[in-house]
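Notes follow once the structure below has been shown.
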Amino acid sequence: MDIETLRIFAEVAHRGSFSEVARSRSTEPSSISRAVGVIEAELGERLFHRTTRKLSLTEAGALYLARIEPLVAQLEEAGAEARAIGRGPVGTLRLSVSVSYGMVRVMPMLARFRARYPELTVELLMSDTQVDLVREGIDLAVRLAPAVEANLIATRLVATRYRVVAAPEWLAAHPLAVPADLAACEALRFTLAGFRDRWIFRDDGGAEEVVPVGGRLLISSALGLREAALAGMGPALLADWMIADDLASGRLVDCFPAHDVAATDFDTGVWAIYPSRNFLPGKVRAMLDFLRAELPKPQVLAAR
């Protein structure tokens, strides 16, 4: 059984469609179906339930996929590493990251990564949509969350904190003594569920307070919220990695430096995640090590 046939079978299993795999490979669905048929003939088992509307794995197909997929990944990586002796990682690394984090943290250091691994092609996919890593062929994703799905391998790169910040001129005109004062303000609100209607504060004694927030400007981008805050349009809840430089320069002010702040969870972080595999490809290992070493560990500076 050649590795390309096995790769086609795995793609069909994840995409659930002969035609979708054919389109991604610029070929005919019949050729994809024949490749799967070769495996079924050799095994003497049907690997897919086929109907006019649906394609799904049989029990034998699911077992076969679970066995061969790690082997295919290892064979591919073994070949890539053998070809890369003396050159470093080669091939293509598909890296998924949110738009805001990609622009603020990943893009500024991408040139250094490219200089270190010139033989490696990088596809940086910036999207705020939660993509299916296996279905979309993503090698590594960087996500901001309290935790990640249990079926994925994950490592936390950086712990994050959220702060309520505002421009100095806005704060001078709208002094805030305690978090509850926000309830009477025109706050800048993120459209994401859990961020738009309330913010949670925790003082140094551990006491928590939920403060309702309102405001007639809602923005779907954290980058947009930062710009609105810089323009003096109101207070915004933003992550430390986004506003550390603004706080240090005084362009923004931490409204409540004595409090921890969250929208949903105080324990959040930047996670590197990848599909569960028995063998970590060299290209993924290279990016993981680089991210761990190079990502800034923000030191939020309060100015009041």
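The table below gives the values:
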quantity	calculated
In the stretch 2-21, the residues that are among the acidic types (D, E) and buried (at least 18 other Cβ atoms within 10 Å of the Cβ)	E11
Residue that is surrounded by fewer than 16 Cβ atoms within 10 Å (Cβ to Cβ) and out of contact with any helix residue (DSSP H, G or I) (no Cβ under 7 Å at 6 or more places or on another chain), where the choices are A193, A154	A193
Any strands (runs of 3 or more DSSP E) falling wholly within the stretch 202-291 and containing at least 1 residues that are buried (at least 19 other Cβ atoms within 10 Å of the Cβ) and among the aromatic types (F, W, Y)	268-275
Any chance R114 is basic (K, R) and at pLDDT below 90	no
Hey, S24 loosely packed, with under 15 Cβ neighbours inside 10 Å, touching an Asp or Glu at 6+ places or on another chain (Cβ under 8 Å) and not aliphatic (A, V, I, L, M) or not	yes
Boolean, R23 is assigned to a helix (DSSP H, G or I) and touching a residue at least 24 places away in the same chain (Cβ under 8 Å)	no
Checking M103 against (1) within 29 Å of R226 (Cβ to Cβ); (2) in contact with an Asp or Glu (Cβ under 9 Å, 6 or more places away or on another chain), the condition it does not meet	(2)
Residue that is surrounded by the most Cβ atoms within 10 Å (Cβ to Cβ) [pool: residues in the stretch 63-81 that are farther than 18 Å from G37 by Cβ and among the aliphatic types (A, V, I, L, M)]	A73
The stretch 87-104 residues that are on the phi < 0 side of the Ramachandran plot and touching a residue at least 12 places away in the same chain (Cβ under 8 Å), paired with ones that are aromatic (F, W, Y) and in a loop (DSSP other than H, G, I, E, B) (beta carbon under 7 Å, 6 or more apart)	P89/Y117
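Let's see how each residue does on (1) closer than 30 Å to A141 by Cβ; (2) not aliphatic (A, V, I, L, M):
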| position | (1), (2) |
| --- | --- |
| T155 | yes, yes |
| T160 | yes, yes |
| E169 | no, yes |
| L176 | no, no |
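The values are calculated or read from the model by the stated rules, or taken from the named source; none is laboratory data. Quantities reported herein were computed from a predicted structural model and do not represent experimental measurements. Backbone-built Cβ (ideal geometry, glycine too); neighbour counts: all protein chains shown.
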